[in-house]
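Below you'll find the structure, written out as structure tokens, and then a few comments.
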Amino acid sequence: MQKRHTDRKRYFCELATTSGSFYVDYVKKYKNIDSATRILEVGCGEGGNLLPFARLGAKVVGVDLSEARIEQARIFFLETNQKGEFHNVDFLQMASPRSEDLFDIVLVHDVIEHIEPQFKEAFISRIKMFIKDDGIVFFRFPAWQMPFGGHQQICRSPLLAKIPFIHLLSKRAYRWLLSAFGESVPCIEELLSIKRSRVTIEKFESLCRKLEYQVLDRILWFINPHYKVKFNIPAIKLKLCKHIPYLRNLFSTSCFYIITPQKKVLR
């Protein structure tokens, strides 16, 4: 397990850096970000992704299932003298806002791959209840078949955390390997949940079509932009096979999407 997974302040700062360097400009292609902008992040963790948007004056709201992460978000925002509203709540049970409290932008960062298959449609569809008529949704996730698409980097075993593609083993072999290296039951269950979820580019776009979302923009990254702050490796977009279904999943370490409900017309 990398130190950043236990040092949550460091993780918060790293996410804020990547968000400020890449996510803000990507979202600004479709939405101005100022004091009139309302932004919701679903699965916000410690809130690092929201910090650069708050610094631009936007009203930011984060929700997360983890009470500990929400408390950390509140503390870290106070330490940076920024305003943010954070709630410990299950998004699938969260009350829909009044019309005047709808959001211009919804962020879903590294979340969809953690949602069990039977809940994915309800999750993505429910976002429509929270955005304005001209609102947009920013999704970011790793393609399932990419070297670390199984999130095995969270393993406590230094060896397992660095071995690519082990998440593509059969469920039985994967569970055995994780157990043999002494991973905890909660870690094993989380990794097996991600394996069940297995979000590919094709599956995500199919869900968008089925749930009547329009894909406004997509960037597939060969080198994840977050690797710049983590490993000082420059971000590189995928070019050679980005239009080849299935093969592109092996090389897409990060997928950026801007989507909007089809029934809603951007102004």
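Residues that are under 29 Å from Trp221 (Cα atoms) and assigned by TED's automatic domain parsing to the domain that holds Arg126 number at least 3 in the following strands (runs of 3 or more DSSP E) confined to segment 1-112: 38-42, 59-64, 103-109.
Selection of segment 10-68 for residues being closer than 16 Å to Glu79 by Cβ and among the aromatic types (Phe, Trp, Tyr) yields Tyr11, Phe12.
Do we have any residue at all in segment 112-120 that's among the aromatic types (Phe, Trp, Tyr), out of contact with any strand residue (DSSP E or B) (no Cβ under 9 Å at 6 or more places or on another chain) and over 27 Å from Tyr11 (Cα atoms)? Yes, segment 112-120 has at least one match. How do the pairs read when you match residues in segment 171-194 that are modelled with pLDDT of 95 or more with residues anywhere that are part of a helix (DSSP H, G or I) and basic (Lys, Arg), using Cβ under 7 Å and keeping only pairs 6 or more apart or on different chains? As it stands, the answer is Lys171/Lys195; Tyr174/Lys195; Ile188/Arg175; Leu192/Lys171; Leu192/Arg175, since those pairs meet every condition given. When Glu202 is tested against the conditions (1) touching a residue at least 60 places away in the same chain (Cβ under 8 Å); (2) in a helix (DSSP H, G or I); (3) within 29 Å of Asp134 (Cβ to Cβ), the lone failure is (1).
Ile112 meets each of the listed conditions (1) closer than 30 Å to Gly182 by Cα; (2) at pLDDT 95 or above; (3) buried (at least 17 other Cβ atoms within 10 Å of the Cβ); (4) more than 16 Å from the chain's Cα centre (by Cα) apart from (4).
For every residue, the table says whether it meets (1) modelled with pLDDT of 95 or more; (2) touching a Gly at 6+ places or on another chain (Cβ under 9 Å).
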{"residue": "Lys3", "(1), (2)": "no, no"}
{"residue": "Gly20", "(1), (2)": "yes, no"}
{"residue": "Tyr23", "(1), (2)": "yes, no"}
{"residue": "Gly48", "(1), (2)": "yes, no"}
{"residue": "Gly57", "(1), (2)": "yes, no"}
{"residue": "Val60", "(1), (2)": "yes, yes"}
{"residue": "Asn81", "(1), (2)": "yes, no"}
{"residue": "Ser96", "(1), (2)": "no, no"}
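The values are calculated or read from the model by the stated rules, or taken from the named source; none is laboratory data. The model shown is predicted, which means the values in this text are computed figures rather than measured ones. All Cβ positions, even for glycine, are placed from backbone atoms using ideal geometry, and neighbour counts span all protein chains on display.
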